[in-house]
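Below: one structure, written as structure tokens.
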Amino acid sequence: MGNIGAMEKIKILVVEDEAPIQELLQFNLERSKYRVHVVDSGEEAMTEAAALQPDLILLDIMLPGADGLEVCKRLKSDPKTERIPIIMLTALCEEADIVTGLELGADDYITKPFSPRVLLARVKAALRRIAAAKPAQSDDDLISIHGIVIDVTRHKVEVNGEDISLTFTEFKVLQLMANQPGRVFTRYQIVDAVHGDDYPVTDRSVDVQIVGLRKKLGEAGTCIETVRGIGYRFKEED
Ligand code: CA
């Protein structure tokens, strides 16, 4: 990203209680020139996040004392820390926790065991999304990605230069996801963004919207990826 000064290192707070994983994270992040602070409990995480104001938090879910979900919830409800993006560290089998964490405001998750390559890609993607963050759903936007052009003002979508016709809900789902490529959305988050809190809907109806959307997008429909057990993600551009 263009506006990150070379002299000013990006600060990452790592919250992890297992020493080998702490070391693995610290080693790989420092090698990529991030400044890393490690704490090993949720309580320390909350104090340190407020004091340090890191650019990103890597938060283990299984912690002694207050667990990662509790910490995530508290960080996201404290004005001093609510804007700091969080990537959760979880076991692959903790799908329910991942969904809960995303709905509590975490930006992404990494499942253990992870490769340094995946770790750094996820960290970079999260930082990139923060840098590119626009006011949510601003109405004068033109979103252009993977050959799809979304004209938010006029509610029109083109794929490779050709107009396609979407329903209101399909349009809102596409706008939401294409606005934050690489970010995983749970079904509940999609419903919530499209209809507000009180809309009665099932997981299944979100899946139906996605199926319809993919079909209308044609080949570009592969941009909407299914993340098994969690939700959906719009592919990042290379
Ligand atoms: Ca742990």
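Read-outs: derived from the displayed coordinates by stated rules, not from any lab. It should be emphasised that the depicted structure is a prediction, and the values quoted were computed from it without experimental measurement. Because the Cβ atoms are built from the backbone with ideal geometry, glycine has one as well, and the counts that use them run over all protein chains shown.
Checked across segment 97-106, the condition of being in contact with a Phe, Trp or Tyr (Cβ under 6 Å, 6 or more places away or on another chain) and within 14 Å of the ligand (Cβ to nearest atom) holds for no residue. Has segment 15-24 got any residue that is more than 19 Å from LEU127 (Cβ to Cβ), part of a helix (DSSP H, G or I), of a type in the set (D, E, K, R) and without any contact (Cβ under 8 Å) to a residue 12 or more places away in the chain? Yes: segment 15-24 contains one or more residues that are more than 19 Å from LEU127 (Cβ to Cβ), part of a helix (DSSP H, G or I), of a type in the set (D, E, K, R) and without any contact (Cβ under 8 Å) to a residue 12 or more places away in the chain.
Identify, please: which residue in segment 25-38 is in contact (Cβ under 8 Å) with a residue 24 or more places away in the chain and within 20 Å of ALA121 (Cβ to Cβ) and is, among those, farthest from the ligand (Cβ to nearest atom)? By that ranking, first place goes to LYS33. If you go through segment 59-83 and keep only what is over 16 Å from GLN22 (Cα atoms) and near the ligand (Cβ under 10 Å from one of its atoms), you end up with just ASP67. Checking each residue in segment 157-181 for being in contact (Cβ under 8 Å) with a residue 60 or more places away in the chain and either buried (at least 19 other Cβ atoms within 10 Å of the Cβ) or not aliphatic (A, V, I, L, M) (or both) picks out only ASN160. Within segment 168-189, being more than 16 Å from ILE148 (Cα to Cα) and not charged (D, E, K, R) holds for PHE168, THR169, VAL184, PHE185, THR186, TYR188, GLN189.
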